[in-house]
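The next block holds one structure in the form of structure tokens; read it before the comments.
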Amino acid sequence: MREPPTVAGVTLVRRAIHAAIAVAVIAASAGCTPVPQLARTPGTAKTSAAPGGLPGEPGPDAGLSMPVADPLYPNYGNPCLDVLRYQLNLAWSPQQRELSGTASLTIRATKAVNEISLDFSDAYTVDSATVGGASVRSSRRGNDVVVPATLARDARTTFVLTYHGTPRPVPMPSGRGDFPEGLGLRTAPGGEAWTMQEPYGALTWYPANDQPSDEAIYDISVTVPKGWAAVAHGQLVGVESSEAGDTYRWRAVDPVASYLATLAVGQYTKLTDSGPRGLPITYWLRTGKDDYVEPALRKTPALLAWLEERFGPYPFPTAGVVLVDSLSAMETQQMVTYGARLGTQYDFPADLDLVEEILLHEFAHQWFGDSVTPKDWRGMWLNEGFAMYAQWLWSVDKGRNTDAGWVSRARKSDAESRPVAGPPGNPHPDHFGEHNVYMGPALMLHEIHRAVGDAAFFAMARDWVQTQRNQQVDRAGFIAFVNRHTGRDFTALINRWLDSPTTP
Ligand SMILES: [Zn+2]
């Protein structure tokens, strides 16, 4: 996610609201802690090494994860279940503002269970449900849709839910000012729909194990009226026309955490480009609205080349950017979701240099966050520390800022945010994604970088992404990796940056 904007006004009221929500969430914690078992081995999920071409059929274990209960948001996600694959066949009606369709989930039980319980918004009416092909009756419990299902540990089944309704966002647990509408799928005035959903919000458009530790493969098809388009994470594999409209089909064969999923429906103009090594890139501009941003989007190949030089190959078979009616930007996998209002009407002037810098940040996340994903939300610093530091290095490299300027800015921002939002290694749940998880961790990486020098630092960052590809990571794994790779002991330095109540 983009660095949070600094806005005083909206922050305090929202903090009070979300503090109350956080308490309720913790009280409702479910508490299933399965024994860790089968882990994906690096590369097993990789089905498309070279850019270009259509993705193949992923293997049966491509979406295998070891879900854990999230310590910050335990009421989202179910560690007893591991969704291997989401197949979403949806339709969007702009007039009715209605989403309808069928979600077919391939699920593995991580321990013996007698029900399937997944996050799913009660804004939808469930029309039917089946487990393993047999009809079942669904009920609701809190955020969840629940159906009976007796599954032994490691057993697999297919859960199918047919539903319809008008999407309704959920509140953002944060003082950030760029999510006034909340999280998840929402409609725009013209009948468009779009989503940003970090740390959760997939539940606003499909039944999901809505936590970062359960990554899965996706096949998404969305039927829209003629002249409209549906854009999602992953790679476009086809568009089919029928009397019902145009059906856009998307596939993600590298595992995706639910917060990295995206959907945007509207009237779009598609532009194509080519990145490093022939990487196919698409840009989706809202027709007649976003033309001004095209010159910044066209910097994408250069931005990806800059990142590849430092952090190794772009980790996915395609890249893209879809413009939506938001104030923020999000690193959704293979298809960055970019808020068109970000550069024009909010805390920044219309500035294509700024668009370029934010794109650089979101693309850096494709390595740090998307390919290598934190196991739980205490690890968001692993995403934002690296993305912020990549942004820092890039802007210094381009002569837009100085290293000293960044140190000063980051220290000031960390000093303001840390006492309120908590130390980056254990942020307060009602202050999600604030400056604390961006600036301190970037300063920490800066300190390691200065200690070991360019060659060792970038070799370490490259190897981190390569060896942890398609894996979930945490602090202990990062510290062990850094120490092993550099041959030095950075444990105390890293823990100090992550745990200190004030800026080290
Ligand atoms: Zn970010």
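Read the figures in this text as sums done on the coordinates, not as results from a lab. In this text, all values refer to a predicted model and were calculated from it rather than measured experimentally. Positions of Cβ are backbone-derived with ideal geometry, glycine not excepted, and every protein chain shown enters the neighbour counts.
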Calculated SAXS-style log₁₀ I(q)/I(0) at q = 0.08, 0.11 Å⁻¹ - the chain, Debye, Cα scatterers: -0.44, -0.89
Positive minus negative residues near Ala109 (Lys, Arg vs Asp, Glu; Cβ under 9 Å): +2
Computed helical MRE - 222 nm, the chain, DSSP H runs ≥ 4 contributing -39500 (n - 2.57), nearest 500: -9000 deg cm²/dmol
Label-point gap, in nm, between Ala415 and Arg341 - each point 7 angstrom along Cα→Cβ: 3.4
Leading residue at positive end of dipole, the chain (Cβ point charges), from Leu185, Asn401, Gly133: Gly133
Alpha-carbon centroid distance for the pair the range 286-340 / the range 442-504, whole angstrom: 27
Restraint check, Lys270/Lys299; Lys299/Lys398; Lys289/Lys398; Lys226/Lys270; Lys111/Lys375, Cα-Cα greater than 23 Å: Lys289/Lys398
Where labels lie 7 Å past Cα in the beta-carbon direction, separation of Arg153 and Lys226 in nm: 5.7
For Met196, Met380, order by how many other beta-carbon atoms lie within 10 Å, fewest first: Met380, Met196
Kirkwood-based shape ratio for the range 267-362, expressed as Rg/Rh from alpha carbons: 0.95
Fewest-first sequence of Trp205, Trp284 by Cβ atoms within 10 Å of each Cβ: Trp284, Trp205
Phe481/Asp291 FRET efficiency (R0 35 Å; Cβ-Cβ; nearest 0.05): 0.20
Options Gly77, Thr204, Ala257, ranked by Cα towards positive dipole end of the chain, top entry (Cβ charges): Gly77
Debye log10 I(q)/I(0) at q = 0.13, 0.14, 0.19, 0.20 Å⁻¹ for the range 374-499, Cα point scatterers: -0.50, -0.58, -1.09, -1.20
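Counting other Cβ atoms within 10 Å of each Cβ, which trypsin sites (Lys or Arg not before Pro) in the range 167-237 have at most 14 and sit in a DSSP loop? Don't skip to the end; give the middle numbers.
On the way: sites: Arg176, Arg186, Lys226; in loops: Arg176, Lys226.
The qualifying sites are Lys226.
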Which of Glu243, Glu447, Glu57, Glu331 has the fewest Cβ neighbours within 10 Å, and the rest in rising order: Glu243, Glu57, Glu447, Glu331
For the range 188-310, diffusion coefficient by Stokes-Einstein and Kirkwood Rh (Cα), 10 °C, 1.306 mPa s, µm²/s: 99
Virtual paramagnetic centre 7 Å along Cα→Cβ of Ser241, amide N under 19 Å, in the range 271-286: 271
